[in-house]
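Report on the structure given below.
Where a number appears in this text, it was derived from the coordinates with a stated rule and is not lab data. Everything numeric here is computed off the predicted structure, so don't read it as measured data. So basically every Cβ, Gly included, is an ideal-geometry build from the backbone, and we count neighbours across all protein chains shown.
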Amino acid sequence: MNNLFFRSCFTGQKTEFYEMRLKKVSINEISDSITKSCWNYNIQYEMILKDSNTLLIDLMGKEKEILLKYHKKDIITKNDYEGFINYLESYEIKRGIYITTGFFEKHIYNNLHKKIKKIDIKKFIKKQPNIDKLNFLHYLP
């Protein structure tokens, strides 16, 4: 019983450590990781927006095209989410992935927009085998 309690506390501490570590990663490191994966897997990409808190990339695979947004923000508001939907419509892209280092507002989770994957910090950490070397292969077309 103590072992189960220890493991749950350890995973909670590990998650908190990963959250703090992920918030310190710069957009340049995220961009480099994604572009390196694109080069390795022969995926074309177009950098649409890149600033200190936001990265927006159009990923063009052989069969499908995805708009990926990585946003370093604690809470994603309805305006942020609708802005992403506007980018999807203006670039005529059918699928999108919105990754954040925080969480989405509750009504955004309830939004039934199935063409956009909403990845908050908890879901993102679960997909990462190692926080020192970020892996975006799950999100490439």
Practice problem: For the range 86-137, name all the residues that are without any contact (Cβ under 8 Å) to a residue 60 or more places away in the chain, part of a helix (DSSP H, G or I) and surrounded by 16 or more Cβ atoms within 10 Å (Cβ to Cβ). | Solution: Tyr87, Leu88, Ile108
Quiz item: Do you know which of the residues in the range 18-45 that are surrounded by 12 or more Cβ atoms within 10 Å (Cβ to Cβ) and free of Cβ contacts under 8 Å to residues at least 24 places away in the same chain is farthest from the chain's Cα centre (by Cα)?
Solution: Gln44
Quiz item: Restricting to the range 65-81, what's the tally of residues that are outside any strand (DSSP E or B) and either closer than 21 Å to Lys123 by Cβ or under 16 Å from the mean Cα position of the chain (by Cα) (or both)?
Solution: 7
Exercise. Give me a count of the residues in the range 32-59 that are closer than 14 Å to Leu140 by Cβ and either touching a Pro at 6+ places or on another chain (Cβ under 7 Å) or among the polar types (S, T, N, Q) (or both).
Key: 8
